Structure formats: structure tokens, C-alpha cells
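Beneath this line is the structure, given in C-alpha cells, with notes to follow.
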Amino acid sequence: MSPAVVVGGGPAGAATALLLARAGHPVVLFERHARATDKICGEFLSGEACRHLAALGVDLGALGGERIHALRLVRDGRKVETDLPFPAFGLSRRVLDEALLARAAAAGATLRRGEAILRAAPQAGTAIALTGTDGKTTCRTGALFLATGKHDLRGMRRPLPGHPDDLVGFKLHYRLAPAQRQALRRHVEVILFREGYAGLQPVEADRANLCLLVRRGWLTRAGGTWDALLPALRHASRHLDARLDGAVPLFEPPLTICRVPYGYLHAPSAADPAALWRLGDQAAVIPSFTGDGMAIALHSAALAARMFLAGQAAAAYHRQLRADLAMPVGRAMALYCLGRGRTGQSAIMLAASLFPSVLRRAAALTRVPEEATVRLLPQSS
Ligand SMILES: Cc1cc2nc3c(=O)[nH]c(=O)nc-3n(C[C@H](O)[C@H](O)[C@H](O)COP(=O)(O)OP(=O)(O)OC[C@H]3O[C@@H](n4cnc5c(N)ncnc54)[C@H](O)[C@@H]3O)c2cc1C
């Protein structure tokens, strides 16, 4: 049996390597980072993500994950709060990704850490050749699981339609002042402000993760620096200002991201190489405010591993994944577009204040559908 190759050791790639190795299939995973690293993410693990992780043997509580029970939406000093319709956790990507990679290695996957793949090229027949950063062919495979997240591999770029949004994202961990830490406990907060929003929630070891997205204009007006942008954002949101009063940043500078292709959903085409399986953000990108990107990454891993091991074609997998994700991604995009302007934000806030259950409903409607999860994790039914 020739080894399957996974490129990328985030949730999608690590989970796929773990599932293939667990089934006794040889698998090699390339991850460009040699060691654990922080990654830009809100670090909110939704109900489906938690279920997939439990099935993979990852104990979020034992890793120090913080239980999240409620969602708090904040804008202009007004707050609306509701219980989440599912159990959730806050855990840093530094810890989560390493836990998954360690489990994949323990199951028998070969990890090649610190090795980036530069390019992939279809060969005669169905094989794909991978080239490392030294320009030499690293390996050839009949099954390439592409899990490089937002980074496209040369030769295998996603066919992204149009121009991505002009949002710029920042992520930073803080040690909050004790009263603020207590006020945030068990909550994920979504703080809306003009042309952007912030997500704030506890993660392990008494840390709080701040992940925010703003239109590029914010950054331009702040002279392009975080040091000027943060005070401007704190000025725009009294709630954010209060939360960060006395807080200590735990690493600097913040991680940044831009040009995220929200709404992307891979449409299989006859031109796709037969040996290529796109996973996670390489297959679908749901708006970040849903906190469901990791659930989608884990769902794609479970589906791809199952269909590959059953001898099914990559094209059938891509069709099934698209069918599973079309509704949550479509609904999340509709909400995302509504929340972009002040009027839309006001409407969301008003609806949530009058009927807090609207927030629970919105959270439920932007998840991977229950029936699709149950197909992969029957014990969860
Ligand atoms: C601002 C923001 C906030 C978010 N918040 C949340 C949230 O709270 N909850 C949630 O569930 N989702 C969230 N998401 C989405 C989530 O982060 C992604 O959907 C998820 O990380 C996708 O997992 P992945 O495994 O596909 O890719 P990634 O997690 O991006 O992993 C890709 C891996 O591939 C490696 N890699 C890349 N290129 C190469 C290469 N050429 N060779 C070798 N290795 C390579 C990288 O080092 C990385 O380890 C957020 C996204 C953004 C942008």
C-alpha cells in the first residue's frame, strides 16, 4: 500500500492523518512549522467540533480547555446574552493542533515537521508529485490530502471567485484583570463596532483570546500600526476598553490575516486531479464569527478518510462535502453581509434584544447539519 500524503498539520490535516493511520493505512504528513505555534483563530470549539474531537480521543477538559456556555453580543454599550444551543470549549490552537498531531503520530502516521511543500504537480496516470522548498521532488503520491488552510499550494490553487473582502484580522492572548476575567468566564463575546467586530473568550491557563476583524480603513487611519489601532478600537467600544483595562498581552505583536475568501465552497470539476482531496479551508471557508471553521475542518477530515478508505473517488467526496456545507455557509454569508453596515448591525441588535432566542437560532443554523455529523459519528445521535 503506497502512503497517502497530507500537506498541512492544522485540524483538517492532523485529523485525516490520525484517521487513516488508525485504520492501518500508511500516511505521511508535512507541516511547515517544526514546533507548536500560535495561529490566528477565535479558538472557539463549537458542539460539532467537540464531538469530532471526542471521537478522535482528544480530551478538551484534560488539555485545560475552558467550557463556554453562553454567547454575549455587545454593541454601543448594549448587551444581549443567550445560552448556546450546544456545549462549546475555548482552547488555544497551539495546544489543540499539537494534541491532534501527537495522536496522529501515536496512531502510526509519519510526521515530517518543519518541512513546507512548495508545489504540487499532476503526473502521468493519477499520481501527484510534491516539491519541497529546496526545489527537489519530495515525494509522489496517489492520494494527496490538501490541508494547507488559507495558503494555496502552487499548482493546486483554489479557484477563488472575485475579490476577497478588505477585512484585516488580529489575534492576541491576554491575561485579563481578575474582575474582567470573572465577567468573561464561560462566555464567548462578540463585540460589534463600526466596520468590524471582536471575539473575546477564555482559553486554557487563565488566558483570554482576542480575535478581531476590521475593515482596512481602520488600519490605514491608524497609520498601519497595531499600537495606534488598538487605542482607536478601544475608543470605539467602551465594552472592549473595559475588558482590556489592566490586561497584559501575552505575546506581541499580534498575529494578522487578510484576504480571507469567506463563502468559498469548492465546486468539484472535471479538471480536478483524481488524486486530490481538499480539506478544511481548502474546501470551504465559513465566516469566522460563526466559530465553526474548525468543525468544518474536522467534518471534512472524517468524511474524506471514510470515503477514501471505502475506495470512493475524491470527486464523490467533494460533492458530498459541498452538499453538507451549502446551507450553513450560505446562511452564515447572509448574516455576514447583513452585519457589515450600521443599519444591519442595528437590526441584528434590535432583533436579539427583543428575542434573545434569535441568537440561539442563528448559532444553530450556521452549524454543520446534525444529520451530516451523525452520518459520520453515529454514537452522537
Ligand atoms: C479571524 C479568524 C477567526 C476564526 N475563529 C474561529 C473560531 O473561533 N472557531 C473556529 O472553529 N474557526 C475559526 N476560524 C476558522 C478556522 O481557523 C479555520 O477554518 C481552520 O483553522 C481550518 O483548519 P485547516 O486545518 O483547514 O487549516 P489551518 O488551521 O490553517 O492549518 C493549515 C496548516 O497547514 C500548514 N501549512 C500551510 N502551508 C503549508 C505548506 N505549503 N507545507 C506544509 N504545511 C503547510 C500550516 O502551518 C497550518 O498548520 C477563524 C478564522 C479566522 C480567519
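Here are some notes:
- Any hit, the range 60-72, residues being near the ligand (Cβ under 9 Å from one of its atoms) and not basic (Lys, Arg): no
- Selection count where residues are in contact with a Pro (Cβ under 7 Å, 6 or more places away or on another chain) and over 22 Å from residue 314 (Cβ atoms), scope the range 240-289: 3
- Restricted to the range 135-196, the set of strands (runs of 3 or more DSSP E) holding at least 3 residues that are touching a strand residue (DSSP E or B) at 6+ places or on another chain (Cβ under 9 Å) and within 22 Å of residue 38 (Cα to Cα) comprises 167-175, 187-193.
- Strands (runs of 3 or more DSSP E) completely within the range 1-110 that count 3 or more residues being closer than 23 Å to residue 200 by Cα: 66-75, 78-90
- Just one of (1) farther than 19 Å from residue 325 by Cα; (2) acidic (Asp, Glu); (3) in contact (Cβ under 8 Å) with a residue 24 or more places away in the chain fails for residue 227. It is (3).
- Screening the range 12-45 for residues that are within 17 Å of residue 103 (Cβ to Cβ) and in contact with an Asp or Glu (Cβ under 7 Å, 6 or more places away or on another chain) and picking the one that is farthest from the ligand (Cβ to nearest atom) gives 36.
- For the range 92-117, residues that are more than 10 Å from the ligand (Cβ to nearest atom), within 20 Å of residue 43 (Cα to Cα) and not polar (S, T, N, Q) total 6.
- For the range 295-321, a residue qualifies if it is charged (D, E, K, R) and closer than 24 Å to residue 50 by Cβ, and exactly one does: 306.
- Conditions (1) touching a helix residue (DSSP H, G or I) at 6+ places or on another chain (Cβ under 6 Å); (2) surrounded by fewer than 19 Cβ atoms within 10 Å (Cβ to Cβ); (3) over 30 Å from residue 178 (Cβ atoms): number failed by residue 234: (3)
- Scanning the range 252-271 turns up at least one residue that is free of Cβ contacts under 8 Å to residues at least 40 places away in the same chain, within 16 Å of the ligand (Cβ to nearest atom) and either within 25 Å of residue 10 (Cα to Cα) or crowded, with 22+ Cβ neighbours inside 10 Å (or both).
- Sole residue being touching a Ser or Thr at 6+ places or on another chain (Cβ under 8 Å) and more than 19 Å from residue 168 (Cβ to Cβ), chosen from 316, 295, 242, 267: 295
FYI, it's all coordinate maths here, none of it is from the lab. It should be emphasised that the depicted structure is a prediction, and the values quoted were computed from it without experimental measurement. Virtual Cβ from ideal backbone geometry, glycine too; neighbours counted across all protein chains shown.
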